[in-house]
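All remarks here apply to the structure that follows.
The values are calculated or read from the model by the stated rules, or taken from the named source; none is laboratory data. A quick note: this is a predicted structure, and the numbers were derived from the prediction, not measured. Don't worry about glycine lacking a Cβ; one is built from the backbone with ideal geometry, like all the others, and counts go over all protein chains shown.
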Amino acid sequence: MLRFVVRRLLQLIPVLFVIVTLTFFMVRFVPGGPFTAEKAVSPEILKNLNAHYGLDQPLWRQYLSYLGHLVQGDFGPSFKFTNRTVNEIIAAKLPVSLELGGLALGVALVVGLPLGILAAARRNTWLDYLCTATGLIGICVPTFVLGPILALVFGIYLRWFNVSGWEYADDRVLPSLTLGFVYAAYLMRLTRGGLLEVLNLDFIRTARAKGASEVRIIFRHALHGGLAPVVSFLGPAIAGILTGSFIIETIFQIPGLGREFVTSATNRDYTLVVGLVVLYATLIVVMNLVVDVVQVWLNPKLRFE
Amino acid sequence: MTAASPPISSAPPVATEAGHSLWSDAWHRLRGNRLAVFGGGVLLLLTVLCVVGPWFSHYTYNEQELSNAFAPPGSAHWLGTDQHGRDLLVRILYGGRISLGVGLCATLVALSIGVVYGAISGYAGNKTDALMMRFVDILYALPFTIFVILLMVFLGRNIVLLFVAIGAVEWLTMARIVRGQVQSLKKMEFIEAARALGYSPRRIIFRHLLPNLLGPVIVYATLTIPSVMLLEAFLGFLGLGVQPPMSSWGTLIKDGADKMEEYWWLLVFPGSLFSLTLLSLNFLGDGLRDALDVRAAKD
């Protein structure tokens, strides 16, 4: 097992290399640059700026020097936020997104898993239909509709929670619920589907025949196998949820990292774009590794493959 | 084979009773699924309304009537007006043309790339397959928001290029599904027979493999349309989608969200129509999956 993990982690290096290279050159080929703003700077200043950031060097040399810094964990200076490095920006904004993402994930797990199990256990009853319908609403009402509606009802009419900012505990409720609800809906559907598939298998019939209680059948026998699709979904989803959501952060005015994913690209903030891509890709690859490990743990049959 | 040949020539070689092809069976099952019929019906109705509706209205999507701005829903303007006094109903219908059109076209782009890529990868096998799938893995690890934005900036804000940009990031799962299917199909005897007859790989892929993939491809395409429409709406939300005075459901929702405190109808109507469309697509997709008995697209 350890060898498997180490080998997979080593594979991360070529993957990241390809991703860095791809992104580095892709941003450069997009027209415009970090210093093309509405208010044009004079040619002399532009020249100095380019020289200061090394943008006047040939592209391959910039690329090599960037790689050199990257290996040491240095993402370089931001082009748009003067005097701040990409590392500083990520360090300042990632914790906010991590907290929001963690809370939303909590909501998703606490709501989605039990409802999915309940729906599968009471298949084709009104409880099942209720859970399935709620899940469909979660999938079909996008966050940019749900967020404003929640803000309007609970923030502005009822005044229970704050609708913008990220200072008090109050501020966290609506964004976490909005973001968490969508994931809860997916989790609910996947849990229900996965469980139903397993509940049709022979070993479950055997357990039933031996008189095991319904609770024992689900939690002791079925859940292990039924959670496989849930785990596969959760891996990449966690990486996405923790790096922030542009829409939620915009609607609720939260200073998180999700907004940077959009603004860095529109600003052509070259280093910030590559830095964020590297961060996200690393998380995805690591989470996929975690998924594989958990899958093996859930299903020992996979150990032989 | 019996004398009555299946109505669709591409139907897989299954043992058929007279006139019962796989497709007519699937059609029967689909019609028996009430939710799927509901979904299909709503989609058909919405499409017809969006295409035909604007011709029957006195208003146009960009005709301003500033004295009548923010009129609540009433007899003159059924769904009210926006900040420029434009009729919301007509704008939603025009927006529907864009949103549904983008959903369909971008899905076709994603479908073409994904199917061809997956089929080649799965049929080639070995090193080619490993390399091609590695590339898909790498693309999966990229944050697609950044790439769509860069593509939009690079290609320019043009509606056709919007299809291309969205299609370019949505084909990955399709490629994986098709590859998996091809891998299991290519071991079957009819493919071996085709190979023994000396057909070129190209002919085998396009004439013999792809027709047998139609089931999973149709099902997954139906389920791709909602995510494409969400992406289009997301781009509209960022201001990168269609440009004013044109509207799509995404931009209408964005405008509505900005003003919902006083003028609820600007958010509620486009938002609920968008959700209804996604719901119908999901119903139809689930129904198709059950009718065609496709397991590959289940998760």
Self-check item: Subset tally (residues that are more than 14 Å from chain B (Cβ to nearest Cβ) and crowded, with 19+ Cβ neighbours inside 10 Å) for region A:222-237
Solution: 2
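Based on this model, can you work out whether B:VAL116 counts as assigned to a helix (DSSP H, G or I) and within 27 Å of A:GLY258 (Cα to Cα)?
Values: assigned to a helix (DSSP H, G or I): yes; within 27 Å of A:GLY258 (Cα to Cα): no.
The answer is no for B:VAL116.
Within region B:217-229, can you find the residues that are surrounded by fewer than 21 Cβ atoms within 10 Å (Cβ to Cβ) and not polar (S, T, N, Q)?
Pass one, region B:217-229, residues surrounded by fewer than 21 Cβ atoms within 10 Å (Cβ to Cβ): B:218, B:223, B:227.
B:ILE218, B:LEU223 - these are the residues of region B:217-229 that are surrounded by fewer than 21 Cβ atoms within 10 Å (Cβ to Cβ) and not polar (S, T, N, Q).
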Quiz item: Within region A:7-16, can one find any residue that is in contact with a helix residue (DSSP H, G or I) (Cβ under 9 Å, 6 or more places away or on another chain), of a type in the set (Val, Ile, Thr) and either more than 14 Å from chain B (Cβ to nearest Cβ) or surrounded by 12 or more Cβ atoms within 10 Å (Cβ to Cβ) (or both)?
Solution: yes
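How about region B:255-277: which of its residues are surrounded by fewer than 23 Cβ atoms within 10 Å (Cβ to Cβ) and assigned to a helix (DSSP H, G or I)? First the steps, then the outcome.
Of region B:255-277, the ones surrounded by fewer than 23 Cβ atoms within 10 Å (Cβ to Cβ) are B:255, B:258-265, B:268-269, B:272-273, B:275-276.
Once the filter is applied, which keeps residues that are surrounded by fewer than 23 Cβ atoms within 10 Å (Cβ to Cβ) and assigned to a helix (DSSP H, G or I), region B:255-277 yields B:ASP255, B:ASP258, B:LYS259, B:TRP265, B:VAL268, B:PHE269, B:SER272, B:LEU273, B:SER275, B:LEU276.
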Practice problem: Could you list all residues from region B:150-167 that are of a type in the set (A, V, I, L, M, F, W, C) and under 21 Å from B:GLY95 (Cα atoms)? | Solution: B:MET152, B:ILE159, B:VAL160, B:LEU161, B:LEU162, B:PHE163, B:VAL164, B:ALA165, B:ILE166
Quiz item: Pick from region B:182-199 the residues that are loosely packed, with under 11 Cβ neighbours inside 10 Å and over 27 Å from the mean Cα position of the chain (by Cα): which of them is nearest to B:TYR123 (Cα to Cα)?
Solution: B:LYS187
Quiz item: Which condition does B:GLY250 not pass, out of (1) more than 30 Å from B:SER184 (Cβ to Cβ); (2) touching a Phe, Trp or Tyr at 6+ places or on another chain (Cβ under 8 Å); (3) without any contact (Cβ under 8 Å) to a residue 60 or more places away in the chain, if it passes all the others?
Solution: (3)
Practice problem: State all residues of region A:275-295 that are within 22 Å of A:VAL231 (Cα to Cα) and either within 11 Å of chain B (Cβ to nearest Cβ) or of a type outside the set (A, V, I, L, M) (or both); if no residue qualifies, say none. | Solution: A:LEU279, A:TYR280, A:ALA281, A:THR282, A:LEU283, A:ILE284, A:VAL285, A:VAL286, A:MET287, A:ASN288, A:ASP292, A:GLN295
Quiz item: Do any helices (runs of 4 or more DSSP H) lying entirely in region A:26-142 carry at least 2 residues that are within 23 Å of the chain's Cα centre (by Cα) and touching a residue at least 60 places away in the same chain (Cβ under 8 Å), and which ones are they?
Solution: A:86-121
Quiz prompt | Every residue from region A:271-305 that is at pLDDT below 85 and aromatic (Phe, Trp, Tyr) | solution = A:TRP297, A:PHE304
Quiz item: How many residues are more than 9 Å from chain B (Cβ to nearest Cβ), β-branched (Val, Ile, Thr) and closer than 18 Å to A:VAL111 by Cβ when one looks only at region A:138-161?
Solution: 1
Quiz item: Can you pull out the residues in region A:260-274 that are more than 10 Å from chain B (Cβ to nearest Cβ) and without any contact (Cβ under 8 Å) to a residue 60 or more places away in the chain?
Solution: none
Exercise. May I ask you to list pairs of residues, at least six apart or on different chains, whose Cβ atoms are under 6 Å apart, with the first in region B:34-51 being in contact (Cβ under 8 Å) with a residue 24 or more places away in the chain and the second being basic (Lys, Arg)?
Key: B:CYS50/B:ARG97
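Have a look at A:ARG303, A:ARG208 and point out the one that is away from chain B (no Cβ under 12 Å), touching a helix residue (DSSP H, G or I) at 6+ places or on another chain (Cβ under 6 Å) and surrounded by fewer than 19 Cβ atoms within 10 Å (Cβ to Cβ).
Answer to the selection: A:ARG303.
Working carefully through the options A:GLY101, A:GLY106, find the one that is at pLDDT 85 or above, in contact with a Gly (Cβ under 8 Å, 6 or more places away or on another chain) and surrounded by fewer than 17 Cβ atoms within 10 Å (Cβ to Cβ).
Numbers: A:GLY101 fails: surrounded by fewer than 17 Cβ atoms within 10 Å (Cβ to Cβ).
A:GLY106 is the lone residue from the list that is at pLDDT 85 or above, in contact with a Gly (Cβ under 8 Å, 6 or more places away or on another chain) and surrounded by fewer than 17 Cβ atoms within 10 Å (Cβ to Cβ).
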Quiz prompt | Condition check for A:SER65: within 14 Å of chain B (Cβ to nearest Cβ), under 25 Å from B:ILE138 (Cβ atoms), among the small types (Gly, Ala, Ser) and surrounded by 12 or more Cβ atoms within 10 Å (Cβ to Cβ) | solution = no
Quiz item: Using beta carbons and a limit of 6 Å, which pairs, at least six apart or on different chains, have the first residue in region A:242-256 and within 12 Å of chain B (Cβ to nearest Cβ) and at pLDDT 85 or above and the second one surrounded by fewer than 24 Cβ atoms within 10 Å (Cβ to Cβ) and not in a helix (DSSP H, G or I)?
Solution: A:PHE252/A:SER164
Quiz item: Right, A:PHE219: closer than 23 Å to A:VAL141 by Cα and either out of contact with any helix residue (DSSP H, G or I) (no Cβ under 7 Å at 6 or more places or on another chain) or buried (at least 20 other Cβ atoms within 10 Å of the Cβ) (or both) or not?
Solution: no
